[in-house]
Amino acid sequence: MGDISIPKGATAKLGRVEGDLRVGQGARAESEGAIIEVTGRVICEGEAEFQGSLSCSEFSARGAWGSGGKIKILGDLKASGEVRVENGQLSIDGSLDAASVNIDKALWVGGNARADDFDVGGVLEVRGNIMGRKVDVGGSFKVQGAADVDEVDVGGSVDIAGLVRCSQLDVGGMARIGGGEVSKDVDVGGKFESTKPLKFSKIDVGGLATLGEGGEGGDVDVGGKFESRADLSFNSLDVGGLASINGNGRGVEVDVGGLLRVSGSLTLEKDLDIGGRAYVGAELRLDSLEVGGSMEADQIVARKSIEVGGDLKTVKGAKGDSVELGHGSRTMGPIVARIVSVGHGGKVEDVYADKLELEHGSRARNLYFREGEIEAGVHIEGEVLYTDRIESSPDVRFAKQPSRVNELPKPPL
């Protein structure tokens, strides 16, 4: 049996077709057995329906302009070559297996989908898993299972419930995935969410980014708000507004324009730069700290400098090579550093330093230093012990007169 044609609006029962199968507008092909097997091409000249699974070398359809051109396959579709639908939609109840897929409007797959390339102009929905090299969708891309696709490029939205394994995820609007790994870039224009742990190289999101169960990777760059609801390891964290980690954070550097909140500890190889406020529930370890507003942590250990424009609150203390507190700063917890500078009107508790400077109008509890300068209007509520030198204004109020000692008390950290 050679090529077969099903006339417009007709119904035919088919088994194996040795050649091409042409299906007219509104025609129906019914399977005599488990599958309609076509050795050549299947060509649909408008809307068509296949009642059963279908295999062929190539599948093509062309919808009439304005009709929507919907093709239905009530089973699986397997094509050794291309699946193409021009000006139309393709609905497959079962699975799809093809070399490449090119659909003008929409593609729905009830099972798994496998192809080298998926190019869909409007909507691509897969109820099972999807595998391929590239997915390019103009509108929305939805997968109820897992996605193993090297490159995903979607103009609108992405919703993948299962694990993702890809190198590139590029989405113009919103993207939600079920965790997994993106080996290169996550680039989302609006909102991004990973509901399970995510391994990544770079996350670049214009608005809001959420890691539901944390993750590990490289750079995070978010224009608005970033949230990790579990432990996070990273290279750099750059957030324009609010950044929060519900757990421990470990990385190289952090730059946040507004507020940073870390419920556990935060360990950085380099710097923490905060425009507003920062809160770390446990220990903060880093190279340098610069906070424009207030800083709160259980303990801070910096290899280099600590600069805080507003209040500094710790339980166990703050330690660095140098500590500089802004005007009117209020400090809780001991400060230990080689150089300590307190701006005018500032208030500190216990200070341990080689070199200490208290500007006018500031207050302190206990001071232990090698050499220090204390300006006018300063009030010291406790003891002052030093080893080398002290310079103080005549109107400095000392609760106890400063005492020169051979050895200072050991710092608490």
For a label point 7 Å along the Cα-to-beta-carbon line of ASP321, residues of segment 296-314 with backbone N under 12 Å: 302-306
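Mind putting a number on the dipole of segment 307-413 about its Cα centre? Charges go on the C-beta only, +1 for Lys and Arg and -1 for Asp and Glu, and I need it in Debye to the nearest 20.
400
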Segment 230-258 versus segment 129-198: alpha-carbon centroid distance in Å: 22
Gyration tensor over alpha-carbon atoms, segment 127-229, equivalent ellipsoid semi-axes in Å: 19, 14, 12
All Cα pairs of the chain, percent lying beyond 36 Å: 49
Inter-site label distance for VAL252 and ARG370 at 7 Å from Cα along Cβ, in nm: 3.4
18 Å cut-off, amide nitrogen to a point 7 angstrom out along ARG165 Cα→Cβ, residues in segment 198-220: 198-201, 216
Protection proxy ranking of 396-405, 181-190 - average other beta-carbon atoms within 10 Å, highest first: 181-190, 396-405
Computed label-point distance, nm, for sites GLU30 and SER201 using a 7 Å Cα→Cβ extension: 5.4
For HIS379, solvent-accessible area (1.4 Å; no DNA, RNA or ligand), Å²: 40
Centre separation in Å (Cα based) which lies between segment 7-43 and segment 69-101: 14
Additional length obtainable on full extension of the chain from ARG229 to ASP395, 0.36 nm per residue less Cα span: 54.5 nm
Gained length - LYS270 relative to LYS313, 0.36 nm times residue gap less alpha-carbon distance: 13.3 nm
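With a probe of 1.4 Å, find how much accessible area segment 340-413 has per residue, and write the answer as a whole number in Å².
So segment 340-413 comes to 51 Å² accessible per residue, rounded to a whole number.
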For the chain: relative contact order, % (alpha-carbon pairs under 8 angstrom, 6 or more apart): 4
Share of carbon and sulfur in the accessible heavy-atom surface of segment 18-107 [1.4 Å probe, %]: 41
Potential lengthening between ASP287 and HIS379 on full extension [0.36 nm per residue; Cα-Cα distance subtracted]: 29.9 nm
Principal axes of segment 1-112: Cα extent on each, largest first, Å: 34, 30, 20
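Determine the per residue accessible area of segment 240-313 with all protein chains present and a 1.4 angstrom probe, expressed in square angstrom.
Heavy-atom SASA per residue in segment 240-313 reads 39 Å².
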Accessible surface of segment 256-396, 1.4 Å probe, proportion on carbon and sulfur as whole %: 42
Neighbour cut-off at most 16 other Cβ (10 Å), DSSP loop, GluC sites (Glu not before Pro), segment 1-97: GLU18
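Tell me the per residue accessible area of segment 102-226 using a 1.4 Å probe; a whole number in Å² is fine.
On the way: 4790 Å² over 125 residues.
That works out to 38 Å² per residue.
Report the net charge of residues surrounding GLU18, where surrounding means a beta-carbon distance below 10 angstrom and charges are Lys +1, Arg +1, Asp -1, Glu -1.
-2
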Point-charge dipole on Cβ atoms (K/R +1, D/E -1) for the chain, about Cα centre, debye to 20: 920
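The values are calculated or read from the model by the stated rules, or taken from the named source; none is laboratory data. Keep in mind the model is a prediction, meaning the values are calculated, not measured. Reconstructed Cβ throughout: ideal geometry from the backbone, glycine too, with neighbour counts over all protein chains shown. In case anyone asks, the SASA skips ligands and DNA or RNA and just uses the protein heavy atoms, side chains included. Shrake-Rupley method; radii C 1.70, N 1.55, O 1.52, S 1.80 Å.
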